[in-house]
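Take a look at the structure below.
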Amino acid sequence: MSLGFIDEISRIRGIQRRDLVESWSLVLRHHIYEADALQISATKEARCDILLTADRRLVQAAREEGIEAIDIEAEPEQALKHISKNT
């Protein structure tokens, strides 16, 4: 994981130690990249209602963690429907 990515996420939301611990657990459980695990961890911690991404593996891992996730490339209509419903 590049420090630049951590610095950027930290600036936006603020990374906590528990985020990093949870992220490592997600890496081991789902065999995903650290950055993807951090996105799932941050989504859970921030209690976001959905995760939009173009990463199929991230969508699968997020769903397995109980997060509603949409692959915007594979399911663009569903993503647009969710966005328009919440604006």
In whole angstrom, note down how far apart the Cα centers of region 53-77 and region 12-35 are.
-> 17
Residue 29-residue 80 pseudo-label distance in nm [points 7 Å out on the Cα-to-Cβ vector] = 3.4
Over region 3-85, calculate the relative contact order: mean separation of alpha carbon pairs under 8 Å at least 6 apart, over the residue count, as a percent.
-> 19
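Where a number appears in this text, it was derived from the coordinates with a stated rule and is not lab data. Computed from a predicted model, the values in this text were never measured in an experiment. Every residue, glycine among them, receives a Cβ derived from its backbone with ideal geometry; neighbour counts consider all protein chains shown.
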